[in-house]
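What follows is calculated from the coordinates using simple rules that are stated; it is not laboratory data. Model, not experiment: these values are computed from the prediction. No Cβ is skipped: glycine too gets one built from the backbone with ideal geometry, and neighbour counts run over all protein chains shown.
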Amino acid sequence: MNPIPFLPTTPADVAARGWDALDVILVTGDAYIDHPSFGAALVGRYLESLGVRVGLIAAPAMDNPDDFTRLGRPRWFFGVTAGALDSMIMRYTAARKPRSDDDYVPGGQAGRRPARAVIAYCNRLRELFDNPPLVIGGVEASMRRFAHYDYWDHKVRRSLLLDSRADLLVYGMGERPLKALVARLEAGEPLGEIVDLPGTAVVVKEPPAGEESVLLPSADTVAKDKEAYAVASKLIHRNQNPGCAKTLVQPHGNRFVRVNPPAAPLTTEEMDALYALSFVRAPHPSYVEPIPAFEMIRFSVTAMRGCFGGCAFCALTVHQGRHVSSRSTESIVDEIAAMTRLPGFTGHVSDIGGPTANMYMMRCDDPAVEALCRKESCVWPSVCSRLVADHGPLIETLRAARQVPGVKKVFVGSGVRYDLALLSPEYIRELAAHHVSGQLKVAPEHVDPAVLKAMRKPPIETYDRFASDFLTASKQAGKEQYLIPYFIASHPGCGLPEQVKLAEYLHSRNIRPRQVQDFIPAPMTLAADMYWSGVDPMSGQPLSVTADEKGRRLQRALMQYFKPENRQDVAQACAAAGRSDLVGFGKKKLAPPVPPGGYKNGPSPAPRHDRRPPKKGPKP
């Protein structure tokens, strides 16, 4: 067992392990939290288990060279990642304004992570070292491996490999590519000559020969031609299955970005071994301020990775893959048992889940068919007949978790896929009776059929059935519990008429979203490609796109129709959508009429049916 519980972050830590140098140095935009929910810690511990001498540079200050140089130059490579999310999403809102916080750094301090962090860190390393070996990975690299639409520049940018000038890009979940990379480096193969690893991308001078590669429209072409962009998107999104994927090649000037097929997902045994590594499950002791992201996941358990839902707007599916890899019940129970001995544990496990709470152990009934499948989703437009959508293993695991000594409650904090949950009334009853802390997150996202089709989400009637069943099960369990539904504004395919339908739905059920999910086109998601090209790349059908700030503002206002400050925008949106019948006074109206010239002295008055008599003051 290592005498130093954390991965080395200083020269003293390296010396304490008896090392004179490091093989790999990881550079991340996140703080160092030695917990399996944080990518740099997970990768670092995995490399350590392979015998690699690995160190970590966490959230380095761009103006402090010592942050980048204190561990020296690695023997093999610097592994650079922006952190848990794309750095542009971490820094900017959907309105392209700076965010006020960053949950993955001490104190939640905004602005510490640089914009386009992978490029920024690689540039800084090149300034401080002579031709350093660079391997990039994580969500930002994964989602930007091809020429891609960038929402913040509002243009198509070339592959991140070109802008970062890295030697190799690891995409998706990195364990298999890194294991193969380490083996070849140990054998003496130069990093610059390793071009064919599954789950990686490289820049080459010549495209690979043979029928196992597909040539995409060039970066220059897709930057100018939206039809060509949609063609490239379709080829990329139909090439995500490791069982049948081919190498994709995209010309960038006189060079080529070679993206090898995805790496195979981990088996249950490999997942168990990964999460059994010696994580401290705490932030590095050098931090004084709390790290908000750690507080949220401190006592949570990752039961699975990957998602076969195929939601158009979801970056996790594209990054983690559509195959669900699950841990065994024994592995999960062992982690919870160890968790009960940690300082601060109160008996509550905050979550057992992953990208989706209830896809645990689900799989295709025929591995041979699965290896050839190119479907976008296993559950859209309906649940595939070959999907083994059995909630039994999940129910057993949740029951076993509840029986761990020292555990009082086990909650499900990850989003529930309600169309799958409807296949198991027993799961809904179990969920309602034991695993909800008063509120359950679900994501119907919209109500209009055309918008839901673009999103790859089930009909709203499916959500309504789940809501009825869940509330009934809660009542039977003697609990007053609620659903917290999430909806998105300004998704491709959604104009003002469609958003008015959503507002009517919310109003009729007295649903009042506290926060609005304003659509952000995350790079390489299908929805981002729809947003840029104006068509659904998979079908070629045109879609309405709301890109102007006024249109986005009106859609946000419709989702929060009940706020006084939004009533003028709601009235304007209804009129623009041809639904002036919803403007006026009465229980079925969304907003009161707007007086000539608008409201000049504050928000509009509440509709009459919302008005309450003033409270009587004390008698004289």
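How big is the dipole moment of the chain about its Cα centre under a simple scheme where the beta carbon of each Lys and Arg is +1, that of each Asp and Glu is -1, and everything else is neutral? Debye, nearest 20, please.
The dipole of the chain has a size of about 2780 debye.
With Rg and the Kirkwood Rh both taken from Cα atoms, where does Rg over Rh land for the range 498-595?
Using only Cα positions, Rg/Rh for the range 498-595 is 1.03.
Bins of 10 Å, beginning at zero and ending with the bin holding the largest distance: percent of Cα pairs per bin for the chain, please.
Histogram of Cα-Cα distances, whole percents per bin: 3, 15, 25, 27, 19, 9, 3, 1, 0, 0.
If the cut-off is a Cα-Cα distance under 18 Å, which lysines reach K409, setting aside same-chain residues fewer than 8 apart in sequence?
Correct list for K409: K441, K479.
Given that compact globular proteins tend to follow 2.2 N^0.38 Å, what is the ratio of the alpha-carbon Rg of the range 285-344 to that value?
For the range 285-344, the normalised Cα radius of gyration is 1.48.
Report, in debye and to the nearest 20, how large the dipole of the range 299-437 comes out about its Cα centre when Lys and Arg carry +1 and Asp and Glu carry -1 on their Cβ.
That gives the range 299-437 a dipole magnitude of about 260 debye.
Could I get the Rg over Rh figure for the range 299-437? Both from C-alpha atoms, Rh via Kirkwood, rounded to two places. Don't skip to the end; give the middle numbers.
On the way: Rg = 15.4 Å, Rh = 15.6 Å.
Over the Cα atoms of the range 299-437, Rg/Rh equals 0.99.
Putting +1 on Lys and Arg Cβ atoms and -1 on Asp and Glu Cβ atoms, find which of V105, A40, A219 reaches farthest to the positive end of the dipole of the chain.
V105
Note the angle between two axes, namely the Cα long axis of helix 39-49 and the longest principal axis of the Cα atoms of the chain, as a number of degrees from 0 to 90, rounded to the nearest 10.
It works out to around 30 degrees.
Can you list, largest first and rounded to whole Å, the semi-axes you get for the range 143-224 by taking the square root of 5 times each eigenvalue of its Cα gyration tensor?
26, 16, 11
Please enumerate, by chain and number, the lysines with C-alpha under 21 Å from the C-alpha of K588, excluding those fewer than 8 residues away in the same chain.
Those lysines meeting the cut-off are K501, K563.
Among A450, S533, G598, pick out the residue whose Cα is farthest towards the positive end of the charge dipole of the range 439-607, where Lys and Arg carry +1 and Asp and Glu carry -1 on C-beta, about the Cα centre.
Highest projection toward the positive end goes to G598.
Hey, could you get me the Stokes-Einstein D for the range 439-607, Kirkwood radius over alpha-carbon pairs, 37 °C and 0.692 mPa s, rounded to whole µm² s⁻¹?
Working: Rh = 17.1 Å.
Answer, rounded: 192 µm²/s.
Just to confirm my numbers, what's the Cα centroid distance between the range 103-151 and the range 521-585 in Å?
With the range 103-151 and the range 521-585 each reduced to a Cα centre, they are spaced 32 Å.
Placing +1 on the Cβ of each Lys and Arg and -1 on the Cβ of each Asp and Glu in the chain, which of S508, V545, P459 has its Cα farthest towards the positive end of the resulting dipole?
After comparing all options, I get S508.
Which three extents, in whole angstrom, do the alpha-carbon atoms of the range 11-202 cover along their principal axes, largest first?
Each principal axis gives a Cα extent; for the range 11-202 these are 48, 37, 32 Å.
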